[in-house]
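Remarks on the structure that follows.
The values are calculated or read from the model by the stated rules, or taken from the named source; none is laboratory data. Quick caveat, the model's predicted, so the values are computed rather than measured. Cβ sites come from the backbone with ideal geometry, for glycine too, and all protein chains shown count toward neighbours.
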Ligand code: NDP
């Protein structure tokens, strides 16, 4: 029986994890479930999966969660420190499925406690990959990739010494064939309607800008320890081939599977074994052909920004991520346009001096500074758009 703690249990990855746990009651038991603010859903899932503990990150909802779970025997706590405590508590595996850099402290705490981490929360690795991989090395904790592309690479990677190149595939998102002019007018509702994957709002927007693939390149660099020039991106609109490893002898090993996160999640949960999943099987004869194309870095500048941040290293990935989180939230809230997202990230990277974060406090300080700067650029762009609309009106 594996005891699992699910950070971000109310989200898309959290729900898929709970679905697999419910299908395998003889294999998995849930230790703790956590959420950001959605105490109603957290209370529901905690009871449904029989968790021993439920933690809400926003302490303003402590009383509501406590009331909702009173008499169930489920321990309730609240606040960022309680989240870290839950991640540090004994478990066989922590599923890190919080969205954004907010997931970094608990994910790092799990690694520091020596617990195996199944990592969906790519932003944590982008901000503080060196701290996380160092903690895993120090305690011997396994860091298992859940992101479908990295999980694919993990499945087909034999030995990194003989690897020439790793390729992450990208669906290209919902705006793959739009011109820059057309992209200027897209709405948040259109951006979160992903053509192949069903995911949370933030990663859906990241997929639409291709920032998601940029964050994934940085994630791959930390996970697989290759040089940046050995990491490549290929657009594959069908999202069936998830990752490819090219070896020095010219062999290419790829992992294929349906676009359903339960496949990589099941792989990480059961590793080193495998469990059955209810996902639809691939029918390659019916699919007929697999399509690939080069990514367009002119229409999708976020990818180039992330590649440059990876090459520059130091705090650049952390700044990139923080500015992107601010810009995506502003876009989803209607404050800026779709193309402003990459522009805000670019301006923020240009405005902040490089530095090398060595501790979690350093990372938090850089993250906070980058968010403040990005917020200023968001306000400027928002004001400009508002003035433009007023003139046009
Ligand atoms: P969702 O938005 O669906 O869920 C996010 C989860 O994080 C929710 O449980 C949410 O709680 C919680 N959360 C949000 N903010 C905070 C906070 N400040 N403190 C603590 N908890 C918080 O996201 P996804 O499931 O789509 O994505 C989760 C992570 O997995 C992301 O890093 C994403 O990039 C990655 N990923 C996701 C994939 C997918 O298919 N969805 C695929 C590959 C990677 P609440 O409900 O209360 O807001």
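Keeping to the range 56-70, report how many residues are within 9 Å of the ligand (Cβ to nearest atom) and more than 24 Å from the chain's Cα centre (by Cα). Steps first, please.
Of the range 56-70, the ones within 9 Å of the ligand (Cβ to nearest atom) are 56-58, 61.
Keeping just the survivors that are more than 24 Å from the chain's Cα centre (by Cα) gives 61.
Total satisfying the criteria: 1.
Within the set of pairs 6 or more residues apart or between chains, which connect a residue that is on the phi > 0 side of the Ramachandran plot inside the range 50-69 to a residue that is in a strand (DSSP E or B) and at pLDDT 95 or above with Cβ atoms less than 7 Å apart?
Listed by first residue and then by second, the contacts come to 50/30.
One line per residue, one yes/no per condition, for (1) assigned to a loop (DSSP other than H, G, I, E, B); (2) touching a strand residue (DSSP E or B) at 6+ places or on another chain (Cβ under 6 Å); (3) closer than 19 Å to residue 167 by Cα:
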{"site": "207", "(1), (2), (3)": "no, no, yes"}
{"site": "229", "(1), (2), (3)": "no, no, yes"}
{"site": "260", "(1), (2), (3)": "yes, no, no"}
{"site": "268", "(1), (2), (3)": "no, yes, no"}
{"site": "273", "(1), (2), (3)": "yes, no, no"}
{"site": "279", "(1), (2), (3)": "yes, no, no"}
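For residue 204, all conditions in the list (1) touching a residue at least 60 places away in the same chain (Cβ under 8 Å); (2) surrounded by fewer than 24 Cβ atoms within 10 Å (Cβ to Cβ) hold save one; what is the number of the exception?
Answer for residue 204: the failing condition is (1).
Free of Cβ contacts under 8 Å to residues at least 40 places away in the same chain and away from the ligand (no atom under 16 Å from the Cβ), is that true of residue 258? Reasoning before the result, please.
Working: free of Cβ contacts under 8 Å to residues at least 40 places away in the same chain: yes; away from the ligand (no atom under 16 Å from the Cβ): no.
So residue 258 fails the test.
Would you point out the residue of the range 3-33, among those that are part of a strand (DSSP E or B), touching a residue at least 40 places away in the same chain (Cβ under 8 Å) and surrounded by 24 or more Cβ atoms within 10 Å (Cβ to Cβ), that is nearest to the ligand (Cβ to nearest atom)?
We begin by selecting, within the range 3-33, every residue part of a strand (DSSP E or B); these are 3-7, 28-33.
Still in the running and touching a residue at least 40 places away in the same chain (Cβ under 8 Å): 3-7, 28, 31-32.
In the following step, the residues that additionally are surrounded by 24 or more Cβ atoms within 10 Å (Cβ to Cβ) were identified as 4-7, 32.
Values: 4: 15, 5: 13, 6: 9, 7: 7, 32: 13 Å.
In this case the residue turns out to be 7.
Matching residues to (1) over 18 Å from the mean Cα position of the chain (by Cα); (2) farther than 24 Å from residue 342 by Cβ; (3) in contact (Cβ under 8 Å) with a residue 24 or more places away in the chain; (4) not in a loop (DSSP other than H, G, I, E, B):
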position: 153; (1), (2), (3), (4): no, yes, yes, yes
position: 165; (1), (2), (3), (4): yes, yes, yes, yes
position: 168; (1), (2), (3), (4): no, no, yes, yes
position: 178; (1), (2), (3), (4): yes, no, yes, no
position: 186; (1), (2), (3), (4): yes, no, yes, no
position: 189; (1), (2), (3), (4): yes, no, no, yes
position: 198; (1), (2), (3), (4): no, yes, yes, no
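For the range 34-55, does any single residue satisfy the condition of being more than 14 Å from the ligand (Cβ to nearest atom), touching a strand residue (DSSP E or B) at 6+ places or on another chain (Cβ under 6 Å), in a helix (DSSP H, G or I) and at pLDDT 95 or above?
Checked the range 34-55: no residue is more than 14 Å from the ligand (Cβ to nearest atom), touching a strand residue (DSSP E or B) at 6+ places or on another chain (Cβ under 6 Å), in a helix (DSSP H, G or I) and at pLDDT 95 or above.
Might you let me know whether the range 301-320 holds any residue that is touching a strand residue (DSSP E or B) at 6+ places or on another chain (Cβ under 9 Å) and closer than 19 Å to residue 104 by Cα?
Initial filter on the range 301-320 (touching a strand residue (DSSP E or B) at 6+ places or on another chain (Cβ under 9 Å)): 303, 307, 310.
Okay, now just the ones that are also closer than 19 Å to residue 104 by Cα, so 310.
The answer is yes; a qualifying residue exists.
Of the residues that make up the range 158-167, is at least one closer than 20 Å to residue 301 by Cβ and more than 11 Å from the ligand (Cβ to nearest atom)?
Of all residues in the range 158-167, those closer than 20 Å to residue 301 by Cβ come to none.
No - not one qualifying residue is present in the range 158-167.
Only one residue in 246, 294, 273 is away from the ligand (no atom under 16 Å from the Cβ), without any contact (Cβ under 8 Å) to a residue 60 or more places away in the chain and either surrounded by 14 or more Cβ atoms within 10 Å (Cβ to Cβ) or on the phi < 0 side of the Ramachandran plot (or both), so which one is that? Let's see the steps before the verdict.
Values: 246 fails: without any contact (Cβ under 8 Å) to a residue 60 or more places away in the chain; 294 fails: without any contact (Cβ under 8 Å) to a residue 60 or more places away in the chain.
From the options 246, 294, 273, the qualifying one is 273.
From the set of residues in the range 372-393 that are crowded, with 20+ Cβ neighbours inside 10 Å and modelled with pLDDT of 95 or more, which is farthest from residue 190 (Cα to Cα)?
From the range 372-393, those crowded, with 20+ Cβ neighbours inside 10 Å are 373-374, 377-378, 381; that's our starting set.
Imposing the further condition that a residue be modelled with pLDDT of 95 or more reduces the set to 373-374, 377-378.
Numbers: 373: 27, 374: 24, 377: 24, 378: 21 Å.
Only one residue tops the list, namely 373.
Can you give me the number of residues within the range 75-107 that are within 14 Å of the ligand (Cβ to nearest atom) and assigned to a helix (DSSP H, G or I)?
Residues flagged as within 14 Å of the ligand (Cβ to nearest atom) and assigned to a helix (DSSP H, G or I) within the range 75-107 amount to 15.
For residue 142, indicate whether it is more than 28 Å from residue 111 (Cβ to Cβ) and more than 16 Å from the chain's Cα centre (by Cα). Break it down into steps so the answer makes sense when it comes.
Numbers: more than 28 Å from residue 111 (Cβ to Cβ): no; more than 16 Å from the chain's Cα centre (by Cα): yes.
Spelling it out, it is not the case that residue 142 is more than 28 Å from residue 111 (Cβ to Cβ) and more than 16 Å from the chain's Cα centre (by Cα).
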